[in-house]
Structures are given as structure tokens and as C-alpha cells.
1. Out of the residues in segment 155-175 that are part of a loop (DSSP other than H, G, I, E, B), in contact (Cβ under 8 Å) with a residue 40 or more places away in the chain and at negative phi, which is surrounded by the fewest Cβ atoms within 10 Å (Cβ to Cβ)?
2. Looking only at segment 275-284, decide whether some residue is out of contact with any Phe, Trp or Tyr (no Cβ under 7 Å at 6 or more places or on another chain), without any contact (Cβ under 8 Å) to a residue 40 or more places away in the chain and open to solvent by 10 Å² or more (accessible area, probe 1.4 Å).
3. Filter segment 330-369 down to residues that are of a type in the set (Asp, Glu), outside any strand (DSSP E or B), in contact (Cβ under 8 Å) with a residue 60 or more places away in the chain and within 28 Å of residue 398 (Cα to Cα), then give me how many there are.
4. Collect the residues in segment 47-62 that are surrounded by 15 or more Cβ atoms within 10 Å (Cβ to Cβ) and not aromatic (Phe, Trp, Tyr), keeping them in residue-number order.
5. Every residue in segment 179-199 that is open to solvent by less than 40 Å² (accessible area, probe 1.4 Å) and within 18 Å of the chain's Cα centre (by Cα), please.
6. Collect the residues in segment 131-144 that are part of a loop (DSSP other than H, G, I, E, B) and under 14 Å from residue 99 (Cα atoms), keeping them in residue-number order.
7. On the basis of being open to solvent by 20 Å² or more (accessible area, probe 1.4 Å), within 24 Å of residue 287 (Cβ to Cβ) and free of Cβ contacts under 8 Å to residues at least 40 places away in the same chain, does residue 219 make the cut?
Amino acid sequence: MSRSIVRQSKFRHVFGQAVKTDQTYDDIRVSKVTWDSSFCAVNPKFLAVIVESSGGGAFLVLLLSKVGRVDKNYPLVIGHSGPVLDIDWCPHNDNILASCSEDTTAMVWQIPDHTPSRPISEPIVVLEGHSKRVGIIKWHPTARNILLTAGSDNLIIIWNVGTGEPLITMDDHPDLIYNVSWNYNGSLFCTTCKDRRLRVCDPRKNEVVAERLSPHEGIRPMRAIFTKEGNIFTTGFTRMSQRELGLWDPTNFEEPIALLELDTSNGVLLPFYDPDTNIMYLSGKGDSSVRYFEITEEPPYVHYISTFSSKEPQRGMGFMPKRGVDVSKCEIARLYKLHERKCEPIMMTVPRKSDLFQDDLYPDTPGPEPALEPEEWMDRRDADPILVSMRDGYVPPKSRELKVAKKNVLDTRPATRRSMSAVDGSSLPPQLLEKLVEEIQNLKATVLSQEKRICDLENKLSKYTNGTV
């Protein structure tokens, strides 16, 4: 008589549950751009969704508490002249968001803690270096102000957002880059490309340190993501167009650690990884389900756990950092599913009877403090994320301003006005010249007083909405 041995795992019974209807975000016109990004980014304070907009690109930023129907006149973040393709929240400042667009630029935005009274149109910094659309944007996991962009010009540029300057430019990809993923400490990143190669890149050496041709034999787009242990998890297609996932050791790309066929479907599988639990969540665009797998060191290495299914297909998906989950309900992950006109949170929960804090489910997790400064990272120093305890839950700090100090900023500004007055000054009567100078000074004083008034009002509004008054 044979007895099947059940694998022991505390995550074997994880189940997904959508929130009640009154806890969703309704009337959001999700973007219809044909680009395989998640269209959604979330952190413990805000939900950001790329939306349809006329006359350029825009995205919507909502406080997590602002559930229900979104007003059609709700202020958007506008600034891009072409459709927005990707957005990413800064892991070290919950009020800083980066976006990239078809207009060949990337922009970094400071989002206020209160609901803005008018559209946000002024980014902190505009990053211009690509010659074609920019489709991928990723913050560095441990270093302050380091941001990666990848464009359809096949370039990867790493920026110091604090100065607005490019630090590294890599041109090792001969074709369109599908996705980029940093490893746990940000010393390397992996990419998938239309030339069907999976690459591991060391940006500070400006070289590809490992690559594998066709980790999946199909010609459809692939995705790759680093695990905490340094392996690479990939999703792609077989030669017969079946969806497939794989686990690879980048130090030995000859044979996969694991290779698993899933199903026949057209949607590219977007992987979302939780390094604390080693669980990978797979969401396909156009699918109505989310599969999740546990990655372990025992064969078969990638263990199927379960599937969360619903009726509506998903247009995109956001993944909450561990800092934002509810530890009192044993919630280990939260996904934000985009429908055509709404966003629906999905809670992944481990069933436990006790209401006490579950130490085994919540190891210390990466917190909001950066481990390195940009100069240290460029000097080839590496550091793991600075961890925080989840025992008492996580309370997001108040807004911190990101200061951008551009070098030689005066040299880059056109001095058109000054040169005109210098040229024409000799031909103007002295009285008229004095009048013009006086009028300019009066206008400058008016503008400064209005800016100060706006700043005071916004601070007062912030105090009311945060409950400090």
C-alpha cells in the first residue's frame, strides 16, 4: 500500500480573496496602450494607474484610503506629451514616483500627501537621453536616487535623479528590451530581449557577465526576475506557443534548475515576486486568474500552490510591497487587479486561528531607508536592503522632499532675454529702460508672493487632511 507524502510548507494553504465591492476603486479609465507593462504601481500610501487621456500621457494617483467611485474631474498627473508606458514608486520615499513615456523622456514626480486641487504638471526632474520611446523604468533596490530606464533605442541608462544626470549607458542589446530586473542588493540586473537572449549585466563594469540563448524556445516575449538567492525565474512560451516558466542559475546557464509547462494562452505572464516568502505570483494580461508558486531548494524547486480565479480579465496588475500588508489578518501579499473601468485589491492570506503576530510569516522586510548613497554605489560598494520589523505593522512617514541639484544649471539655460536687453539697451531712452526694469521687478515680486501663498495654503490643507489640526 503506497502513501503519498504531502510537502510540508506554511504557505500550502494560501488563498486569494477579492475585497468587497465598496472597497474597490471605480470609474478609472485604464490605458488602452498596447504595451506589456503592468499599468499600475502601489505602495503603502498611494495607488497609481496609467489612464486614458487626450493630448498626451497621464496617470492617476489616489490615496489608498480613497476607495469608491473616482470623480471624473479628479486631478491627474500630466506632463508627458505622449502616452505613459510604465510607472514605478521609489522604494526609499513613498511620495516619489517615476514615469516614462512614448515622448522619449522619463520624469520624476513628488506626490503630495493630500488630494491635489489641480492637475500635477511640474515634475521634479525630466530625464532626457533616449532617442525613442522609453518603455521600462526601475528604481534601484538599495541605493538612493539611482533609477534605470530602457528604451526602444535599445539603450539602458542609469541615472542619478539627485543631479538629473546619466551615470551609465549600456548598448549591449541589439533589439527591443522586454524587461529588466535588479537582483536583491542591486549589484546586477537581468534583461530579456527580442533577440531571444536572457542576459545578466554588471552596470558598473558596463558589461554582460552571462547570457543564455532561448531559455524558452518560443518567439513570444519573455520575462525574467531575480530571486533573493540569486537565481533567475523566467516566463515565456514553448515552440508550440504553450506558456512556460523556468528557474535558472546564472552561474551555469547550460541546464535549467526547473522548467514547467503551464497552458496555451496568448497573454504574456507578468511575474511578481515576494522575497520574504519566496512566492512568485503570475498574472497574464487578458487572463482572469493569478497563479502562485513557492520556490524552494528541494526538487522540483518550483512548487505550484494554487490559483485565484475571477470572472473578469485583467488589464494590468500592481503588487504591494510587504510594508503595506495587514499583519493582523495574516495577509502575506496584496495585488491590485486592473479591470477596464476599476481597480480591485486581492488579498493573499495564510489561514491562522491565532490573532497574535506570526513571526514565521513576517521576517524583517526591506524598509524605506536606502543602504547606499549614489557615490558609494558607483564606487562598487554593495549592501543588502536595510530591514524593518513588521511586528507592529508599518506606518508610512510624512512626505519628504526630493531635492535635485543639477550641476552647471546656469550654463544650460538660454540667456536670450539678457542678451536682447544688452544689445538693444543703447538704442532705448534711459527713462524707458528704467521703466522696463521696474516693471520686471514688480512682476517678479508678485509671482513670488503668489507662490508663497500657494505653498502656505497647501501646507494648511495637508495638516487638515492628515488630522494634525
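1. Step one: of segment 155-175, the residues part of a loop (DSSP other than H, G, I, E, B) are 155, 161-164, 171-175.
Among the residues that remain, those that are also in contact (Cβ under 8 Å) with a residue 40 or more places away in the chain are: 161-164.
Imposing the further condition that a residue be at negative phi reduces the set to 161-163.
Numbers: 161: 23, 162: 19, 163: 16.
Checked segment 155-175; the qualifying residue surrounded by the fewest Cβ atoms within 10 Å (Cβ to Cβ) is 163.
2. So far as segment 275-284 goes, no, none of its residues is out of contact with any Phe, Trp or Tyr (no Cβ under 7 Å at 6 or more places or on another chain), without any contact (Cβ under 8 Å) to a residue 40 or more places away in the chain and open to solvent by 10 Å² or more (accessible area, probe 1.4 Å).
3. Of the residues in segment 330-369, the ones of a type in the set (Asp, Glu) are 331, 340, 344, 355, 359-360, 364, 369.
With the extra rule that they be outside any strand (DSSP E or B), the set shrinks to 340, 355, 359-360, 364, 369.
Next cut, in contact (Cβ under 8 Å) with a residue 60 or more places away in the chain only: 340, 360, 369.
After this cut, where a residue has to be within 28 Å of residue 398 (Cα to Cα) as well, the list is 369.
Residues in segment 330-369 being of a type in the set (Asp, Glu), outside any strand (DSSP E or B), in contact (Cβ under 8 Å) with a residue 60 or more places away in the chain and within 28 Å of residue 398 (Cα to Cα): 1 in total.
4. Our first condition is that a residue be surrounded by 15 or more Cβ atoms within 10 Å (Cβ to Cβ); within segment 47-62, this holds for 47-51, 53, 56-62.
Matches in segment 47-62: 47, 48, 49, 50, 51, 53, 56, 57, 58, 60, 61, 62.
5. Those that are open to solvent by less than 40 Å² (accessible area, probe 1.4 Å) and within 18 Å of the chain's Cα centre (by Cα): 179, 180, 181, 182, 183, 185, 186, 189, 190, 191, 192.
6. First, the residues of segment 131-144 that are part of a loop (DSSP other than H, G, I, E, B): 131-133, 140-142, 144.
The one that is part of a loop (DSSP other than H, G, I, E, B) and under 14 Å from residue 99 (Cα atoms): 133.
7. Working: open to solvent by 20 Å² or more (accessible area, probe 1.4 Å): yes; within 24 Å of residue 287 (Cβ to Cβ): yes; free of Cβ contacts under 8 Å to residues at least 40 places away in the same chain: yes.
Here the answer is yes, as residue 219 does meet what is asked.
The rows are residues; the columns are (1) in contact (Cβ under 8 Å) with a residue 12 or more places away in the chain; (2) within 25 Å of residue 179 (Cα to Cα); (3) crowded, with 23+ Cβ neighbours inside 10 Å.
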| residue | (1), (2), (3) |
| --- | --- |
| 41 | yes, yes, yes |
| 69 | yes, no, no |
| 82 | yes, yes, no |
| 87 | yes, yes, yes |
| 100 | yes, yes, yes |
| 103 | yes, yes, no |
| 108 | yes, yes, yes |
| 113 | yes, no, no |
| 128 | yes, yes, no |
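The values are calculated or read from the model by the stated rules, or taken from the named source; none is laboratory data. Fair warning: this is a prediction, and the values are worked out from it, not measured in the lab. With ideal geometry, Cβ positions are generated from the backbone for all residues, glycine too; neighbour counts draw on all protein chains shown. Ligands, DNA and RNA are excluded from the accessible area calculation, which covers all protein heavy atoms including side chains. Shrake-Rupley method; radii C 1.70, N 1.55, O 1.52, S 1.80 Å.
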